[in-house]
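Asker: Pasting in a structure now, in structure tokens, and then I'll have a few things to ask.
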């Protein structure tokens, strides 16, 4: 029921976690924008060069997001969790 959902939603999801997650998304967005702008600005070789630059920028963005997510999560929430999942 809706009451049960709301109970567990509020129990396990704190507003602080939501705000920190939004901050992480903003950081990811800036990193992706900067990476794509860099590769787009330095693209050479016509349409084929643009395709190569797009591929490089996407691969770079995937690595940037993965590494940044790991370190930001570690810095924000640490190596331990406060969520206890039990029967």
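Asker: Expected output is a single nm value to one decimal: the length gained when fully extending between residue 34 and residue 17, i.e. 0.36 nm times separation in residues minus the C-alpha distance. What is it?
Answerer: 3.5 nm
Asker: On full extension of the chain, what length is gained from residue 60 through residue 74, given 0.36 nm per residue of separation minus the C-alpha to C-alpha distance?
Answerer: Additional length available on full extension: 2.9 nm.
Asker: Return a whole-number percent for the relative contact order of the chain, with Cα pairs under 8 Å and 6 or more residues apart as the contact set.
Answerer: It comes to 29 percent, rounded to a whole number.
Asker: For helix 15-41, report the angle its Cα long axis makes with the longest principal axis of the Cα atoms of the chain; keep it between 0 and 90° and round to the nearest 10°.
Answerer: 10 degrees
Asker: Compute the separation of the alpha-carbon centres of the range 51-70 and the range 1-24 and state it in Å as a whole number.
Answerer: When both Cα centres are located, 30 Å separates them.
Asker: Now for a separate question. Using the Cα gyration tensor of the range 2-77, with a ≥ b ≥ c the square roots of its eigenvalues, what is the shape: rounded (a/c below 1.5), prolate (a/b larger than b/c) or oblate (neither)?
Answerer: prolate
Asker: Right, something else. Any idea what angle helix 2-12 forms with the longest principal axis of the chain, computed on alpha-carbon atoms, 0 to 90 degrees, nearest 10?
Answerer: 70 degrees
Asker: Helix 46-77 sits at what angle to the longest principal axis of the chain, using alpha carbons and giving 0 to 90 degrees rounded to 10?
Answerer: Rounded to the nearest ten degrees, it is 30.
Every read-out reported here was derived from the displayed coordinates using simple, explicitly stated rules and does not represent laboratory data. It should be emphasised that the depicted structure is a prediction, and the values quoted were computed from it without experimental measurement.
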